[in-house]
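Novice: Pasting a structure here, questions to come.
The values are calculated or read from the model by the stated rules, or taken from the named source; none is laboratory data. This is a predicted model, so every value here is computed, not measured. In this analysis, Cβ positions are derived from the backbone assuming ideal geometry, glycine residues included, and neighbour counts consider all displayed protein chains.
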């Protein structure tokens, strides 16, 4: 009986040894991070440091550190994948609740602003994440040279770490404190450029005409159509735009027309009523 137990123990020994190696490797990495300072900057109480060590580990770090065993240490790419999904959901929920009058297209545009690499890299710099990042000299140098991807990915991995550490509500609270509380709604609205409205205002202010939009091409299957729209003022083409909906294509054509205002000015379509008032 005892011999059988010894045999089983021998079989399990490599497994336990590997576990111990993993633990000591992670512990070595934990020593690289100033957790007291990180918690202060995040304004978040960390439960399991391992998630955050992983979130801060760029893949370049795994190739340069020969003084630590790399057993069980992985880069932040899996946590980044998770954090990206959590961020998408939190941002979508926030926009849905706070912009009740905006259509789906606007909400999609707002979300793309709040999850783009440049914006996330700015948030990461605000938390001084570059100081905690475990990465090679080359990777850190690229951050100093303005390469945003590494910091943006680390920020997403950090969101994934908060989610794994204490759940969705905590991740939401973290992002609310990190992004939405500091977010000026007017700042978002400046990206909500209604080109059609701007172009209409300009044309009405300077001429007696209004822009006319015409679909000049429809292509693709029913579920994935691409529309091409041309905008005219007094039968003169001023812009062409493409989009997955007529509305989107019209906005694009108006945007292009706004870049073409000198053509409109050369047409000399001055407002008659304005000149008549002047004579009276």
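Novice: Within the range 227-236, which residues are out of contact with any helix residue (DSSP H, G or I) (no Cβ under 8 Å at 6 or more places or on another chain) and farther than 14 Å from residue 196 by Cβ?
Specialist: The answer is 234, 235.
Novice: Within the range 210-225, how many residues turn out to be loosely packed, with under 11 Cβ neighbours inside 10 Å and in a strand (DSSP E or B)?
Specialist: Qualifying residue count for the region: 1.
Novice: Please note which helices (runs of 4 or more DSSP H) are completely contained in the range 137-185 and include at least 2 residues that are farther than 16 Å from residue 122 by Cα and touching a helix residue (DSSP H, G or I) at 6+ places or on another chain (Cβ under 6 Å).
Specialist: In the range 137-185, the matching helices (runs of 4 or more DSSP H) lie at 149-166, 168-175.
Novice: Residue check: is residue 50 modelled with pLDDT of 90 or more and within 22 Å of residue 154 (Cβ to Cβ)?
Specialist: In short, yes.
Novice: Look through the range 239-271, keep the residues that are without any contact (Cβ under 8 Å) to a residue 40 or more places away in the chain and closer than 11 Å to residue 228 by Cβ, and return whichever of them is nearest to the chain's Cα centre (by Cα).
Specialist: Per the stated criteria, the residue is 243.
Novice: Here's a follow-up. Can you tell me which of 115, 181, 90 is surrounded by 20 or more Cβ atoms within 10 Å (Cβ to Cβ) and either under 28 Å from residue 245 (Cβ atoms) or free of Cβ contacts under 8 Å to residues at least 40 places away in the same chain (or both)?
Specialist: Sole residue among the options that is surrounded by 20 or more Cβ atoms within 10 Å (Cβ to Cβ) and either under 28 Å from residue 245 (Cβ atoms) or free of Cβ contacts under 8 Å to residues at least 40 places away in the same chain (or both): 90.
Novice: List pairs: first residue in the range 202-217 and within 15 Å of residue 262 (Cα to Cα) and in the same structural domain as residue 243 (by TED's automatic domain parsing), second residue modelled with pLDDT of 90 or more and surrounded by 13 or more Cβ atoms within 10 Å (Cβ to Cβ) anywhere in the structure, Cβ distance under 7 angstrom, at least six positions apart or on different chains.
Specialist: Sorted first by the residue in the range 202-217, then by its partner, the pairs are 203/209; 203/211; 203/233; 207/233.
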